[in-house]
Amino acid sequence: MTDHDRRSLLQGVTALTAAAALADSGILASPARAQAAPGNLGDSVKALVFDVFGTVVDWRNGVARHAEATLKPLGYSLDWLAFADAWRAQYQPGMDEVRTGAIAFVKLDVIHRRMLERILPRFGLEKVDPKVLDELNLAWHRLDAWKDVAPGFARLRRRFMLAPCSNGNIAMMVDIARRNDIRWDAILGSEVAGDFKPKPRVYLATAEALNIKPGECMMTAAHSNDLAAAAKNGLRTAHVARPGERGPGTGETAPSVPVDVAASNFEDLAEKLGA
């Protein structure tokens, strides 16, 4: 072995030893846990786009409240939270009919109405007048935002464009925004893309509509599967914990996939993004 070869070998061993020591100390994060430095991230991201149901608004209590207000005066008494859970359980199967091409794209309002019909027998609601069911279907338009949304969004919008990237249709997003005084810069998502998440077109069309690259757009959600799909299409990702989304002890307290930023709520997210 030449002197040059010996020096190269010693340099390689030294570098590996130093890297291992840094990893053990926690200074270097593994790829699965790595997060971008907030300052650098804020410089590259121009827009935050949001999952809405569960992330921005409390769908479970809102649907239960509206169902009770609509049906209780008609003499119905049932477990309102169980009713909301049953309705929500039809959400993915309903959209799968569109995602698989079994049916043409329709707005989420239409799918919600079909979902409602499917659960009526379970709760003894088969005889409810269709006009009452139409009113009940508006429950998804009348949801309340989580308490951290107003202060968190007020900070975030100083630095970023804000828009929903939701499976909800435009009218639904408008009603939710007006109810909660959310000032979106645009309303994007499924109806603009003509498909439902996690299909790639929904994420990419959202960035395109804002005239930005996918990497300049940050998908923000309380659901790791949504963030994983967005990341596959080049978007940056932020996880916001919603540990009580489906009741006490439910929801995600932390992401189960690599993300750029993980926050406990929207105020924490604003802090981490330097907003």
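The values are calculated or read from the model by the stated rules, or taken from the named source; none is laboratory data. Keep in mind it's a predicted model, so treat the numbers as computed, not measured. Quick reminder, even Gly has a Cβ in these numbers, built from the backbone with ideal geometry, and neighbours come from all protein chains shown. For accessibility, only protein heavy atoms count, side chains too; no ligands or nucleic acids. Shrake-Rupley method; radii C 1.70, N 1.55, O 1.52, S 1.80 Å.
Solvent-accessible area per residue for the chain at a 1.4 Å probe radius, Å²? Spell out each step's value before the answer.
Numbers: 13240 Å² over 275 residues.
Dividing the accessible area of the chain by its residue count gives 48 Å².
Applying the Karplus relation 6.51 cos²θ - 1.76 cosθ + 1.60 with θ = phi - 60° to region 181-192 yields 3J(HN,Hα) values of 6, 8, 9, 5, 7, 6, 10, 10, x, 4, 5, 5 Hz, where x marks Gly and Pro. Here the dipole of region 87-223 is about 360 debye; that uses its Cα centre as origin and unit charges on the Cβ of Lys and Arg (positive) and Asp and Glu (negative).
Size check on region 99-157: the Cα extents along the three principal axes, sorted descending, read 47, 31, 19 Å. From the square roots a ≥ b ≥ c of the eigenvalues of the alpha-carbon gyration tensor of region 126-226, which class results: rounded (a/c under 1.5), prolate (a/b over b/c), or oblate? Verdict is oblate for region 126-226.
Counting only heavy atoms of the protein chains and using a 1.4 Å probe, residue 199 has close to 60 Å² of accessible surface. Restricting attention to the chain, close to 5% of DSSP beta bridges with both partner residues there are antiparallel.
About the centre of its Cα atoms, the chain shows a dipole size close to 220 debye [charges on the beta carbon of Lys, Arg (+1) and Asp, Glu (-1) only; nearest 20 debye].
The phi-based Karplus calculation (6.51 cos²θ - 1.76 cosθ + 1.60; θ = phi - 60°) puts the 3J(HN,Hα) values of region 98-105 at 7, 4, 8, x, 5, 9, 6, 4 Hz, whole numbers, x for Gly and Pro.
The phi torsions of region 114-123, fed into the Karplus equation with coefficients 6.51, -1.76 and 1.60 and a -60° offset, translate into couplings of 5, 4, 4, 4, 5, 9, 4, x, 4, 10 Hz, rounded to whole numbers, with Gly and Pro shown as x. Placing unit charges on the Cβ atoms of the charged side chains and taking the dipole of region 131-232 about its Cα centre, the candidate lying farthest along the positive direction among 223, 154, 140 is 154.
For region 67-167, a simple Cβ point-charge model (Lys and Arg +1, Asp and Glu -1, everything else neutral) yields a dipole of about 560 debye relative to the Cα centre.
For region 124-275, which whole percent of the accessible surface, found with a 1.4 angstrom probe, sits on carbon and sulfur atoms? Mind showing how you got there, number by number?
On the way: 3310 of 6550 Å².
Ligands and nucleic acids excluded, carbon and sulfur give 51 percent.
Given contacts defined as C-alpha pairs under 8 Å and at least six residues apart, what's the relative contact order of region 209-248, whole-number percent? Display every interim value, and only then the final one.
On the way: 42 pairs, mean separation 16.2, N = 40.
Across region 209-248, relative contact order equals 40 percent.
How many angstrom separate the Cα center of region 94-116 from the Cα center of region 230-264? Using only Cα atoms, the two centres lie 25 Å from each other.
Let me know the shape class of region 173-275, please: from the alpha-carbon gyration tensor, a ≥ b ≥ c as square roots of the eigenvalues, rounded when a/c is under 1.5, otherwise prolate if a/b is greater than b/c, or oblate.
Rounded, because the longest to shortest axis ratio a/c is under 1.5.
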